[in-house]
Amino acid sequence: MTCTTSIPAGTIIKHHGSSSSSSSSPASVTTLQIVKRLQQIHSFLVSMPSLKPGDAVNRTFGELVTLCIGVYPTSTVRSVVNHPLTQSLLPSLRTLAANGEYLLEKTWAEALTQEALKKTNKQSTRNLATGLLQEFVYYDNYEQLVKMELHCLLGVDAHLDRVVFVGSGPLPLSSILMASHCQLPVTNIDYCEDAIRISTDLVHSLHLQDKMHFFCGDATEYPFYQDADVVILGALVGADGDAKISFLDRIAENMKSGAILLVRSAHALRTVLYPPLDEEGIPSTLVPVLEMHPQNEVVNSVILFKRR
């Protein structure tokens with residue numbers, strides 16, 4: 001199977017067993033300025049009656065993301081993340097970000113479904129799906145992230161015949177892009193019935209049902225991990241590092257030897273948005289093989305493990 005992709009610019013790659021280094025550009029803002037702005041953003045989001053997409057909510061989340069993907073000296077990042085005020089805000093900020101992301105995806109998925117139904121029979125299936133999905137405000141970010149992930153998978157010679165995505169959400173754009181790039185079906189897992197219903201409706205409206213399969217339920221109860229070549233763990237799976245490790249342990253024990261587990265994580269100030277993966281707790285059944293940390297507008301890091 002051939003996948004055509006290139007690595008996005010501004011990315012740090014670390015192959016386990018080798019060393020890597022990167023340089024950070026000097027930041028003009030201080031630790032206290034960043035912490036204070038995080039506090040202000042948190043206060044605003046908490047005060048909102050709803051985190052559904054709207055001018056004020058979109059602008060505030062956009063500022064939060066921009067703040068978190070900025071390139072700062074390592075000492076500044078460490079000081080911000082370890083600051084007592086930041087530590088007190090982190091659980092709530094991550095929950096707000098997760099809820100906002102869900103509502104953003106839900107709103108767009110429902111709107112795209114309605115638009116697709118109006119345009120059915122007027123465009124080819126491929127043009128319909130591509131044209132509509134590109135309207136999504138963060139389409140380019142998802143495109144870069146998926147290309148980065150495929151580059152990682154190809155770099156470790158992963159088989160890509162059967163891919164499972166855990167935590168696919170109401171807008172399974174990552175799965176759609178991966179299926180499109182590699183012409184393979186992807187199984188999407190989510191415990192939220194609403195997310196599965198919305199995403200299934202979208203996929204059918206775009207005539208992509210032959211590429212997308214769905215499983216609604218606890219990801220640890222999915223019965224076919226042993227058939228998967230690659231399992232992808234979404235960034236919002238697991239409320240914290242310990243929960244992520246618990247998922248990894250239970251999923252990995254059912255994977256076949258040689259299969260790849262790809263985990264979306266976060267590094268540097270991006271950990272304000274998503275909990276990082278604590279690799280010290282990785283189960284012995286998994287061997288770390290590669291890490292990739294973006295230094296551009298892509299938020300998530302990618303960590304690959306091979307099942308022993």
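Less than 5 angstrom separates the built amide H of residue 228 from those of 256, all sequence-distant by 5 or more or on a different chain.
P(r) tail, the chain: Cα-Cα pairs separated by more than 33 Å, 23% of all pairs. When the alpha-carbon atoms of region 31-107 are used, the pair Rg, Dmax equals 12.7, 39 angstrom. For residue 255, the shell of other residues with beta-carbons less than 12 Å away shows a net charge of +2, using +1 for Lys and Arg and -1 for Asp and Glu. Would you tally the net charge around residue 139, using a Cβ to Cβ cut-off of less than 13 Å, leaving residue 139 out, and scoring K and R as +1, D and E as -1? Within the 13 Å Cβ shell, the charges total -4.
Note on residue 308 and residue 279: the extension gain reaches 8.8 nm, defined as 0.36 nm multiplied by sequence separation minus the Cα-Cα distance.
With 0.36 nm allotted per residue and the present C-alpha distance subtracted, the residue 297-residue 117 stretch has 61.6 nm of extension available. Residue-wise, which Karplus ³J(HN,Hα) couplings in Hz belong to region 62-72, taking 6.51 cos²θ - 1.76 cosθ + 1.60, θ = phi - 60°, and x for glycine or proline? My calculation for region 62-72 gives x, 5, 4, 5, 4, 4, 7, 9, x, 9, 10 Hz in order. Which net charge results for the neighbourhood of residue 276, defined as the other residues with beta-carbon distances under 12 angstrom from its beta-carbon, given Lys and Arg at +1 and Asp and Glu at -1? With Lys, Arg at +1 and Asp, Glu at -1, the net is -2. Across region 52-57, in residue order, what do the Karplus-derived ³J(HN,Hα) couplings come to in whole Hz, using 6.51 cos²θ - 1.76 cosθ + 1.60 with θ = phi - 60° and x for Gly and Pro? Per residue, the Karplus-derived 3J(HN,Hα) values read 4, x, x, 3, 5, 5 Hz. Provide the FRET efficiency to the nearest 0.05 for the residue 30-residue 159 pair, computing r from the beta carbons and using R0 = 51 Å. Taking R0 as 51 Å, the efficiency between residue 30 and residue 159 is 0.60.
Rounded to the nearest whole angstrom, the semi-axes of the ellipsoid equivalent to region 183-289, taken from the Cα gyration tensor as √(5λ), stand at 25, 18, 13, largest first.
Express as a percent, rounded to the nearest 5, the fraction of DSSP beta bridges in the chain (both residues included) that run antiparallel. Bridges in the chain are about 50 percent antiparallel.
For region 114-258, the fraction of alpha-carbon pairs lying more than 24 Å apart is 32 percent, rounded to a whole number. Calculated from the alpha-carbon coordinates, region 42-186 shows an Rg and a Dmax of 18.3, 57 Å respectively.
On the beta carbon distance between residue 135 and residue 210, with R0 = 22 Å, the FRET formula returns roughly 0.45. Label point of residue 218 set 7 angstrom out along Cα-Cβ; within region 156-171, amide nitrogens under 20 Å from it belong to 165-169.
Here, each number is a calculation from the coordinates, and none is a lab measurement. A quick note: this is a predicted structure, and the numbers were derived from the prediction, not measured. When we count neighbours, we look across all protein chains shown, and the Cβ atoms used for this are built from the backbone with ideal geometry, even at glycine.
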